Amino acid sequence: MKILNPATHAVVAEVAEDGATSIRAKYARARAAQPAWAALPLGKRLDTIRGFRARTIAMRDTLAKTLTLEMGKPIRQSRNELDGLLGRIDFFLAEASSVLRDEKVFADAKTKLEERISHEPLGVVANISAWNYPYFVGANVFVPALIAGNAVLYKPSEYATLTGLHIAAMLHEAGVPADVFVPVVGGGKAGAALLRQPVDGVFFTGSFATGAKVGAAAGRRMAKVQLELGGKDPVYVCEDVDIETAASGLADGAFYNTGQSCCSVERIYVHEKIHDAFVAAFVASVRGFKRGDPLDESTYIGAVTRRPQLDVLRKQVVDARKKGARILAGGDIVNAKGNWFEPTVLVDVDHRMSVMKDESFGPIIGIQKVADDVEAVALMNDTAYGLTAGVYTRDAKRAKKILSQVRSGSVYWNCCDRVSPRLPWSGVGHSGIGVTLSTYGIQTFTRPKAWHLRAT
Ligand code: NAD
């Protein structure tokens, strides 16, 4: 399999792809190795994750460069991802022992009856991952899964394969046995072959379209399934905000990682009283973003990772224009080698347009004028997705009222495009099922076993 640099289309590396036979063998090895891994004292498993953490620090520059070369993320943002990874690992290290500890939930001296819960690993889990934040979305799964005593068959996205292989090498060097964390290399075909193995859990991050197939395959096998899918994340800007601050914060939330985050701001609703002033400030921020070589320290907008996405973005612009939208910045594919799209701002948009309904996953945003909070909430909820939603206002009560009416896994007040290891990460509707991060995101890799004990 050829790994191409999306910024130049140069070949970065060639790697051997897994086929059905090698995937079957990898599964068998993971199945055989898992019980011994689960039998280790928790402290030993935690030590391996500490070792992994130390290696990501030691190799930071190499890892960041690899990520930038294979997926086009600006180099500073690659380093930011690696730095952010540390806090997530620290959270899991700090919380694991209390989440995984056996619990006594009932004891009666008279009848000598005791009830306890133990938290057993699921067994062998498949982790099929996305490319946009491979360290974040990968570690949300494989770190707690390994800590809880599971073996992990990890299929990085075909657009983040080298990063996936770095992750595997660092875990192995830190003491995780090669058969307990097993990388599976390839694209959709390898993912589908992995799902034909009798794994105990499937943890998927990716698009709704693929997630629906993955969920169906896992369901047929009665494997636990967790799906972290896309979003069409809205933000509503009220008339009482500081316009400059809100506009620059939201421009960053929409265009960071070249708009390729599941929680990127994908549509903005602005109160009519400040609409024009907000749009002017927003466009000024976007014009300040430097697009270019992802390895350059000053680059903010990188390459679009997947070439087919360029057509999706172009179609959204054409559709919006045809239905009355105006383009205030960008608007098309850049005529250059590599996958490039101009940072694009559309106004006079509405919900007949694909750009306000379908996930864009690129450097493009629609800004719509609204009359009041009621209209804003109705539009925010007019989506099949429900990953994140935000509101910008000075008024805490108003924010709480609005956010409590929005169907969404995460809600933000005066912030956006943010993930915390302490909070559950989940989606409603087409944004998925299940939870990662927070203590729920450790528990999810275990099966609670009920113990009814009567001493005689
Ligand atoms: P994708 O659905 O194209 O691919 C995801 C993974 O599935 C890849 O590893 C791919 O090789 C694999 N795959 C493809 N077909 C398969 C099949 N038939 N069976 C099994 N595996 C298969 O998504 P992507 O382009 O990698 O990621 C972008 C999407 O991921 C966006 O929609 C984004 O919003 C979403 N995402 C969500 C979160 C979240 O936390 N909710 C985080 C990151 C990305």
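Before anything else, pin down the relative contact order of the chain: Cα pairs under 8 Å, at least 6 apart, normalised by residue count, whole percent.
Details: 1006 pairs, mean separation 88.0, N = 456.
Averaging sequence separation for qualifying contacts and normalising by length gives 19 percent for the chain.
By how many degrees, 0 to 90 and rounded to 10, does the Cα axis of helix 275-287 deviate from the longest principal axis of the chain?
70 degrees
Amide H to amide H, which residues 5 or more places from T205 or on other chains are under 5 Å from it, using H placed in the peptide plane?
Residues meeting the criterion, in which the H sits 1.01 Å from N, are I128, S129, A130, E228.
So what J values fall out for the stretch 112-124 if you push phi through Karplus, 6.51 cos²θ - 1.76 cosθ + 1.60 with θ = phi - 60°, rounded to Hz, Gly and Pro as x?
Taking θ as phi minus 60°, the curve returns 6, 9, 10, 10, 9, 10, 10, 10, 8, x, 5, x, 9 Hz for the stretch 112-124.
Expected output is a single nm value to one decimal: the length gained when fully extending between W413 and R398, i.e. 0.36 nm times separation in residues minus the C-alpha distance. What is it? Intermediate results must be reported in sequence, preceding the final value.
Numbers: separation 15, 0.36 × 15 = 5.40 nm, distance 1.02 nm.
Contour length minus Cα-Cα distance gives 4.4 nm.
Tilt of helix 243-255 relative to the longest C-alpha principal axis of the chain, in degrees (0 to 90, nearest 10)?
Orientation of helix 243-255: about 60 degrees from the principal axis.
Report the one residue of A38, A58, S129 whose Cα lies farthest in the direction of the positive end of the charge dipole of the stretch 1-130 (charges on C-beta: Lys and Arg +1, Asp and Glu -1; origin at the Cα centre).
Farthest along the dipole direction, towards plus: A58.
Using all alpha carbons of the stretch 121-165, what is the percent of pairwise distances in each 10 Å bin, ordered from the shortest bin to the longest?
32, 53, 15
Only four residue types carry charge here, +1 at the Cβ of Lys and Arg and -1 at the Cβ of Asp and Glu. Report the dipole size of the stretch 234-413 about the Cα centre in Debye, rounded to the nearest 20. Walk me through the intermediate numbers first.
Working: 23 positive and 24 negative charges, 88 e Å.
Computed about the Cα centre, the dipole is about 420 debye.
Under 13 Å from the Cβ of N150, count the other residues' Cβ atoms, weight Lys and Arg +1, Asp and Glu -1, and hand me the total. Spell out each step's value before the answer.
Values: positive: R31, R45, K224, R447; negative: E120, D179, D200.
Taking every Cβ under 13 Å from that of N150, the sum is +1.
Could you give the angle, 0 to 90 degrees to the nearest 10, between helix 20-39's Cα long axis and the longest principal axis of the Cα atoms of the chain?
60 degrees
Mind putting a number on the dipole of the stretch 52-196 about its Cα centre? Charges go on the C-beta only, +1 for Lys and Arg and -1 for Asp and Glu, and I need it in Debye to the nearest 20.
Values: 16 positive and 15 negative charges, 57 e Å.
That gives the stretch 52-196 a dipole magnitude of about 280 debye.
Any chance you could tell me what percent of the C-alpha pair distances in the stretch 1-108 go past 22 Å?
On the way: 3432 of 5778 pairs.
I get 59 percent for the Cα pairs in the stretch 1-108 exceeding 22 Å.
Along the stretch 394-401, what does the Karplus equation 6.51 cos²θ - 1.76 cosθ + 1.60 (θ = phi - 60°) give for ³J(HN,Hα), rounded to whole Hz, x for Gly and Pro?
7, 9, 4, 5, 5, 4, 4, 4
Report the FRET efficiency, 1/(1 + (r/R0)^6), for A169 and I433, where r is their Cβ-Cβ distance and R0 is 25 Å, rounded to 0.05.
Values: r = 32 Å, r/R0 = 1.27.
Result of the calculation: an efficiency of 0.20.
Pairs of alpha-carbon atoms within less than 8 angstrom and 6+ residues apart define the contacts here; what relative contact order does the stretch 234-413 have, in percent?
Values: 339 pairs, mean separation 46.7, N = 180.
About 26 percent, as a whole number.
Percent of alpha carbon pairs in the chain separated by more than 39 Å? Please list the in-between numbers first.
Values: 24555 of 103740 pairs.
Cα-Cα pairs in the chain separated by more than 39 Å: 24 percent.
Amide H neighbours of V334 under 5 Å, counting only residues 5+ apart in sequence or on other chains, H built in-plane at 1.01 Å?
Long-range HN contacts for V334: W340, F341, E342.
Compute the distance in nm between two label points, each set 7 Å from the Cα along the Cα-to-Cβ direction, one at M1 and one at R326.
Distance between label points: 4.6 nm.
Determine, from the Cβ-Cβ distance of E120 and A178 and an R0 of 30 Å, the FRET efficiency 1/(1 + (r/R0)^6), rounded to the nearest 0.05. Walk me through the numbers before you get to the answer.
Details: r = 23 Å, r/R0 = 0.78.
That gives a FRET efficiency of 0.80.
Search the structure for amide H atoms under 5 Å from the amide H of V349, placed 1.01 Å from N in the peptide plane, and list their residues when 5 or more places away or on another chain.
It is I367, K369, by chain and number.
Readers should treat all values here as calculations from the given coordinates under stated rules, not as data from a laboratory. In this text, all values refer to a predicted model and were calculated from it rather than measured experimentally. All Cβ positions, even for glycine, are placed from backbone atoms using ideal geometry, and neighbour counts span all protein chains on display.
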